[in-house]
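First comes the structure, then the notes that go with it.
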Amino acid sequence: MTAWETLEIEPTDDLTKIKKAYAKGLKIHHPEEDPEGYQLLREAYDSAIKQAKRGLINTHINIKDIESQQAWEIDDSEEIIQKNPVEDFIQKLEMLYNDFFSRLDIKKWETLLQADIIWDVQHSEHLQDYLIEFLEEHPYLPPSVWQLLEQTFHWMEQKEQLEERYGEETTRFLMENISIRNQLGYDFFKKEVDIDYEWYLQLRADAQAYLCDDQLEAAEEAMNQAFQMFTHDPDLLHLKGVYYLRKNNYNAALQMFEEKLALSPADLDGLLYRAQLYFHFKDFEKVIADCEQILAQRSDHVDGLFLIIKGYLGLNKEVEAHKWILKAIELHPDRPEFLPYKSKVLNEKTKSDQIEIVEHMPKHKRRLNNTYFYTFVVLRRAWIYVFAFMITLLTPIPFKYTALLLIPILWEIGRVLMVVFAPTAIYRKSKKKKQALYLRCLSAPCIESHFLDHYFTAFDFTYIRDRLIGKKFLNKVLEKWEISSPAELKEKIHWLIDVGTREEFNHYLYQLMPLTEEARTQFIESIKDDSNYPKFLLANRGLYTLTEAGVAAADWGWSIYLCRIGRRLGYLSKTEAKELMLKSAQLSQHAYLNWNEYFTAFHLGSYFNANDSDHNNYGKYGLSIMFVLLALGKSPLLQFDWKNDELVKQ
């Protein structure tokens, strides 16, 4: 009987089909209940895998022929060894690998890799060929062994040569294992547990790969099969927790991470995910407790600091949150995520009396700077009227006509003064006006002008000044999004609402979620020269800092801003613009807990969209207006709650 007949499938080089056939056979030939049938099944599986990988599909080789061939090889082993020391090394390698618990012993690998043939130049290429082929078929080694192999053979330094000799796929396989990107743990296996470890490890690795590739059904099948074999593996529980997170089954995810922590109480990844889930369920006391465990192990842990700040703010303990914010900024001055939270707790109107504000400049100097700032805002808005007024003064036109140009100048001055001294006159208006203001706040970070962002948050675009006279400012935004017609604008807005760049963000995020923190860090560090480095870096920074909505805030904020522009330029009707803006606002309210969550997601999403890894720059992508809106005592954000159903109704 051939291997294919034993597996009950047609000859194929599709490894997935072979694995599924093997899994099906295991249900019939259990190792304990039918050891002989299991042995035949295992031999058939190994033979089929080798044939498939080598592209040598043979439909006539009988399993007994394989056994007799192996026996012949063993009988004549001494002669072969004398002729070829490479075969001797590979035989020892196979013996070490096939004894599972010896395979985990780093000292035995050190002994093996001290063999004379390792340094024999005459056999080096031949040995490397055999070794790499063996590792491709038998990849399940602890990270420490892969690191030892790298220290011995220095494959990372020979990446180009390896690609020329073995191809990109094999080279990528080596690089990923050496960089421990996909490595899972081996510490919880026990000798008294009698399972097919090779098959279990393959199922576990497949589950991780399927999760990274967003193949959830295949991941579930692989995890369930593995879980039937062994239930006390923290890494498998981690994968199941990530799977349930992806399926939005937060209760099941929490259970998996709690089971993981029962086996490994100090596991940082388990603590971080559990803290994040406690935050989802608004159990802020438990968020803080988990973060304290994280920070007890690593006092500078960025995500631990971030989550403990959010936990204290969730309990309205702003004094404690402020202490942690100051510590986080001191430890990580290059991380802007903490600054919006600092602005929030230091709001000059709502801050606790126990929190002191340190003035970095004298009040008179601050007032002078503000005067210069708002003067420049007036000039930015009214320069064309001022210029026309100065020109007409040089003409014989009577002054009473020239003076008419002072009206728009004084109008702009009045609007700016209202923003500075009497903002409540803007905010305390009808529901319609408040609704429009709420929408402008959601899109405030989109305004790419340090001088006009506050102005255009308080006021909308005007027909005369912004459409007829100065529409270059608005057209520039459309050019950025490659929009040149009403149809393209509508298509882009619908895309931002329904899909957006969050889909691409999630693509990178999903590849990182199944990995350990150490694996993620080393992997991202290893791809610094890759074009995808900024994407992975920013996705990793959002893993624990963002809600399940990810960077959708940037998509929905921009959809509102484009609606505002489209309405003013006549690309959208008033009704169309309002419906689309309110839909984005409703989605934002549902996805985020407060303004801080929304602005944090918006800022990270803006860096991601720009493919910008310089995430320590505080002046980019609307962060300054976020500070103003969160910290200002006269901020419009204080005039209405984040979740306000009245403001998002049609």
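The values are calculated or read from the model by the stated rules, or taken from the named source; none is laboratory data. Since the model is a prediction, treat every value here as computed from it, not as a measurement. Heads up, the Cβs are rebuilt from the backbone with ideal geometry, glycines too, and the neighbour counts pull from every protein chain shown. With ligands, DNA and RNA removed, areas are computed over all heavy atoms of the protein, side chains included. Shrake-Rupley method; radii C 1.70, N 1.55, O 1.52, S 1.80 Å.
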Check whether at least one residue in the stretch 551-565 is of a type in the set (Gly, Ala, Ser) and surrounded by fewer than 23 Cβ atoms within 10 Å (Cβ to Cβ), and report yes or no.
no
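When the residues of the stretch 431-473 are filtered to those that are open to solvent by less than 60 Å² (accessible area, probe 1.4 Å) and not in a helix (DSSP H, G or I), which remaining residue is farthest from Tyr374 (Cα to Cα)?
In the first step, residues of the stretch 431-473 are kept if they are open to solvent by less than 60 Å² (accessible area, probe 1.4 Å); the result is 435-447, 449, 452-459, 461-462, 465-466, 470, 473.
Keeping just the survivors that are not in a helix (DSSP H, G or I) gives 443, 447, 449, 452, 459, 461-462, 470.
Details: Ser443: 21, Ile447: 17, Ser449: 13, Leu452: 10, Phe459: 15, Phe461: 18, Thr462: 19, Gly470: 19 Å.
Per the stated criteria, the residue is Ser443.
Could you tell me whether the stretch 566-580 includes any residue that is crowded, with 17+ Cβ neighbours inside 10 Å and of a type in the set (Asp, Glu)?
The answer is no; no qualifying residue exists.
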Quick one: count up the residues across the stretch 236-269 that are more than 23 Å from Leu305 (Cα to Cα) and touching a residue at least 60 places away in the same chain (Cβ under 8 Å).
4
Looking at the stretch 591-598, can you tell me whether even one residue there is at pLDDT 75 or above, assigned to a loop (DSSP other than H, G, I, E, B), more than 17 Å from Pro445 (Cα to Cα) and not hydroxyl-bearing (Ser, Thr, Tyr)?
yes
Within the stretch 525-541, residues at pLDDT below 90 and open to solvent by less than 40 Å² (accessible area, probe 1.4 Å) come out as Ile527
Just one of (1) under 20 Å from the mean Cα position of the chain (by Cα); (2) open to solvent by 20 Å² or more (accessible area, probe 1.4 Å); (3) of a type in the set (S, T, N, Q) trips up Thr545, so point out which.
(2)
Hits in the stretch 374-408 - residues which are open to solvent by less than 50 Å² (accessible area, probe 1.4 Å) and among the aromatic types (Phe, Trp, Tyr)
Tyr385, Phe389
Over 22 Å from the mean Cα position of the chain (by Cα) and within 30 Å of Asn370 (Cβ to Cβ) - does that describe any residue in the stretch 566-583?
yes
Taking helices (runs of 4 or more DSSP H) that fall entirely within the stretch 478-582, which contain at least 1 residues that are within 26 Å of Lys260 (Cβ to Cβ), out of contact with any helix residue (DSSP H, G or I) (no Cβ under 6 Å at 6 or more places or on another chain) and among the charged types (D, E, K, R)?
517-526, 533-541
Restricting attention to the stretch 147-159, does a residue exist that is open to solvent by less than 20 Å² (accessible area, probe 1.4 Å), assigned to a helix (DSSP H, G or I) and touching a Leu at 6+ places or on another chain (Cβ under 7 Å)?
yes
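Limited to the stretch 599-646, what total is found for residues that are among the hydrophobic types (A, V, I, L, M, F, W, C), modelled with pLDDT under 80 and open to solvent by 10 Å² or more (accessible area, probe 1.4 Å)?
Within the stretch 599-646, the subset among the hydrophobic types (A, V, I, L, M, F, W, C) is 599, 601-602, 604, 608, 610, 623, 625-632, 637-638, 640, 642.
Now restrict to residues that are modelled with pLDDT under 80: 623, 627-628, 631-632, 638, 640.
Applying the additional criterion that residues be open to solvent by 10 Å² or more (accessible area, probe 1.4 Å) yields 627-628, 631-632, 638, 640.
Adding up the residues that qualify gives 6.
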Name the pairs: first residue in the stretch 632-650 and farther than 14 Å from Cys441 by Cβ, second residue assigned to a loop (DSSP other than H, G, I, E, B) and modelled with pLDDT under 75, Cβ to Cβ under 8 Å, at least 6 apart or on different chains?
Gly633/Glu348; Gly633/Lys349; Gly633/Thr350
